[in-house]
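The values are calculated or read from the model by the stated rules, or taken from the named source; none is laboratory data. Worth saying up front: this structure is predicted, and the values here are computed from it rather than measured. With ideal geometry, Cβ positions are generated from the backbone for all residues, glycine too; neighbour counts draw on all protein chains shown.
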Protein chains: 2
Amino acid sequence: MDTSIDTRQRLLDAAQTLIYASSYHDVGVQKICDHAGVRKGSFYHFFPSKRELALAVLDQTHALMQDTLLNKAFAPDLPPLARIERFFVFLYDFHTQVKNNSGYVLGCPFGNIGCEMSTQDETLRSKVDNILSAAEAPFATALDEAVANGELPAMDTAAAARALFAYTEGIVLYAKTRNDPELIRDLGERALQLLVPADLK
Amino acid sequence: MDTSIDTRQRLLDAAQTLIYASSYHDVGVQKICDHAGVRKGSFYHFFPSKRELALAVLDQTHALMQDTLLNKAFAPDLPPLARIERFFVFLYDFHTQVKNNSGYVLGCPFGNIGCEMSTQDETLRSKVDNILSAAEAPFATALDEAVANGELPAMDTAAAARALFAYTEGIVLYAKTRNDPELIRDLGERALQLLVPADLK
């Protein structure tokens, strides 16, 4: 039986799929409704605007990435730096799977909207900013542990986590632009180097 | 006197400004014509489509970035690694200036379009991909020199240059999403660490 909750969820899922596959501007309310099998007249019963739907999509995608990627990569069955290395392996696996399914590296669902919309919509920019900041947290926690257990020297772990996640965004953008997930594997292997300066002469 | 060359250039400049400030999809032919002071009927005399105009904009912006940023940063008056450090300082200066002028960190004009359009337009994706690859070249040249003069150990300099430029894209995307150019300065200082692994236990 089709309920209101089903309809709202179908709109959310359709928007998540369509916006991730193309862009925020490319996907109009009509396209979302068509994909969800919902009449356009019903859309505004659930969401006051496409922007409100996009904010809900970002929350849903964030929760999904937390469950399927971050929580698994940063599970404490490995020492902290090995969890970060595992994150980059899982990131590669994820984007390889996405490309196998869709033909494309679709990029970071948060970075994509941040890149497209930050100058056009302050509410979307701020939402993406908060999600990227939150994504730094498991990196920072792992780094704190690595400092505590002597794997790393004392450092500003918040700044180091930010560098790791900025690098993540860069390699995923690069992989999208080259449509080649192998870049994530190749470049991801260098990520831990951002933590500690080498002793150059 | 207004000539055809002026009109074409005005369309190019208008599109460059408008697309960089918002996004490819957000800027239609009418808006470009209004900004350029050109009648819409004339547009298609100069460009068969908005996409063709965007390709010309990417070439023009690439040439501009080459002249104003890359060539200056990588001038041989400094040792090679210091040129890379200077690139990140100039990158910070550029985005600070852009924010002072517009109120926004506008991001990378190539990464923006790559991020927005790679799955929607193969010609635009390929153009951006080629520009990003070309941008790796001065990094690779500097790294080759640094290996030759003993500043760096022997390494795959092409791969290292790619990592540096991917990091560049990441920190610029991050700065756009936070609307804060200071991130480019803070995170840019770590870039050289991507070259050589530190000796961790």
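For region A:24-39, the count of residues that are hydroxyl-bearing (Ser, Thr, Tyr) and within 25 Å of A:Ser102 (Cβ to Cβ) is at least one. Restricting B:Thr96, B:Thr68, B:Thr61 to residues that are more than 23 Å from B:Arg162 (Cα to Cα) and under 18 Å from the mean Cα position of the chain (by Cα) narrows the list to B:Thr96.
The single condition among (1) at the interface with chain A (Cβ under 8 Å from one of its Cβ atoms); (2) at pLDDT 95 or above that B:Val196 does not satisfy is (2). Between B:Phe110, B:Phe94, B:Phe74, the distinction of being over 24 Å from B:Arg10 (Cα atoms), aromatic (Phe, Trp, Tyr) and either outside the structural domain of B:Ser4 (by TED's automatic domain parsing) or in contact (Cβ under 8 Å) with a residue 60 or more places away in the chain (or both) belongs to B:Phe74 only. Against the definition (under 22 Å from B:Asp26 (Cβ atoms) and either surrounded by fewer than 17 Cβ atoms within 10 Å (Cβ to Cβ) or free of Cβ contacts under 8 Å to residues at least 12 places away in the same chain (or both)), how does A:Thr119 come out, yes or no? So A:Thr119 fits the description; yes. Annotation for region B:127-141: at least one member residue is surrounded by fewer than 17 Cβ atoms within 10 Å (Cβ to Cβ) and in contact (Cβ under 8 Å) with a residue 40 or more places away in the chain. Checking each residue in region A:154-174 for being touching a helix residue (DSSP H, G or I) at 6+ places or on another chain (Cβ under 7 Å) and more than 9 Å from every other protein chain (Cβ to nearest Cβ) picks out A:Ala154, A:Met155, A:Thr157, A:Ala158, A:Ala161, A:Leu164.
Scanning region A:179-191 for residues that are facing chain B (nearest Cβ under 8 Å) and touching a residue at least 40 places away in the same chain (Cβ under 8 Å) turns up just one, A:Asn179. Taking the criterion of being assigned to a helix (DSSP H, G or I), more than 17 Å from the chain's Cα centre (by Cα) and over 15 Å from B:Glu136 (Cα atoms), the only residue of region B:71-93 that qualifies is B:Ala82. Of all residues in region B:67-119, those being facing chain A (nearest Cβ under 8 Å) and out of contact with any helix residue (DSSP H, G or I) (no Cβ under 9 Å at 6 or more places or on another chain) number 0. Among the numbered conditions (1) assigned to a loop (DSSP other than H, G, I, E, B); (2) within 14 Å of chain A (Cβ to nearest Cβ), the only one that B:Tyr20 does not meet is (1).
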